[in-house]
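Peer 1: A single structure is presented below for examination.
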Amino acid sequence: MSTADRQPVRLVVGAAIVDDLVRPTRLLSARRTEPATLAGGWELPGGKVDDGESPLSALHREVLEELGVHVQLGAHVPGPLPGSTWPLGDRYEMLVWLAEVVEGTPAPIEDHDELRWLEVDDLRAVAWLPADLPIVEQLEAVLGRTSST
Ligand SMILES: Nc1nc2c([nH]c(=O)n2[C@H]2C[C@H](O)[C@@H](COP(=O)(O)OP(=O)(O)OP(=O)(O)O)O2)c(=O)[nH]1
């Protein structure tokens, strides 16, 4: 495929929801239900930014739709690509922010069938989507900084 044939990369936003933005010790992971190629894989709640929507609005919208909660956003978790995004295969790039639930209890309302809070030592206990592994490694450092003090 030539460069001209390539589809533009679509922006996705993801929420690294932790138990506490000041002293994060646990991360919320979510198991996808679709499409079939990704079902069963664990990921950060989130989704595609719609046309004309800001990334932050998209993140609040996705988290509310998927988990039924309102969140407060914390620090951006910068990725290695220009624009500080994380690569998700050829078609998508993801912006990730830390987040904390401020209203509601997360439930797998849409796009997921199970949620799990993971402590730093258990972060790799679930089968993350492959593209999420470097992000999880970064988050491991964030959680690790506060888990033993
Ligand atoms: N939300 C999310 N998507 C991820 C992660 N890791 C990863 O590879 N992806 C991929 C899966 C999808 O191909 C794409 C995001 O699409 P999505 O299906 O979550 O987006 P959406 O909720 O807006 O879905 P839709 O309305 O278009 O069906 O990025 C992740 O941690 N979170």
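Peer 1: Percent of alpha carbon pairs in region 52-123 separated by more than 16 Å?
Peer 2: Values: 1546 of 2556 pairs.
Summing the P(r) tail past 16 Å for region 52-123 gives 60 percent.
Peer 1: Once you've got the GNM for the chain with C-alpha springs shorter than 10 Å, pick whichever of THR105, THR85, THR25 has the biggest mean-square fluctuation.
Peer 2: Sorting by GNM fluctuation, first place goes to THR105.
Peer 1: Under the rule of at least 5 residues apart or a separate chain, name every residue whose amide H is placed under 5 Å from the amide H of LEU118.
Peer 2: Long-range HN contacts for LEU118: LEU27, LEU28, SER29.
Peer 1: Let me ask something else. Apply the Karplus parameterisation 6.51 cos²θ - 1.76 cosθ + 1.60, with θ equal to phi minus 60°, to every residue of region 51-67 and state each ³J(HN,Hα) to the nearest whole Hz, in sequence, with x for glycine and proline.
Peer 2: So the J values, rounded to whole Hz, are 4, x, 9, 7, x, 5, 5, 4, 5, 4, 5, 5, 5, 5, 5, 7, 10.
Peer 1: Return, for the Cα atoms of the chain, the radius of gyration and Dmax in Å, separated by a comma.
Peer 2: 15.0, 52
Peer 1: If region 20-99 were replaced by its equivalent ellipsoid, with semi-axes equal to the square roots of 5 times the Cα gyration tensor eigenvalues, what would those be, largest first, whole Å?
Peer 2: Semi-axes (√(5λ), whole Å): 19, 17, 15.
Peer 1: May I ask you to evaluate 6.51 cos²θ - 1.76 cosθ + 1.60, the Karplus curve with θ = phi - 60°, for each residue of region 78-87 and list the ³J(HN,Hα) values in order in whole Hz, giving x for glycine and proline?
Peer 2: So the Karplus estimates, Gly and Pro as x, are x, x, x, 8, x, x, 6, 8, 9, x Hz.
Peer 1: Sum -39500 (n - 2.57) across every DSSP H segment of at least 4 residues in the chain, then divide by the residue count to get the 222 nm mean residue ellipticity, nearest 500.
Peer 2: Values: 2 runs with 28 residues, N = 149.
About -6000 deg cm²/dmol.
Readers should treat all values here as calculations from the given coordinates under stated rules, not as data from a laboratory. Predicted model, so just to flag it, every value in this text is computed and none were measured.
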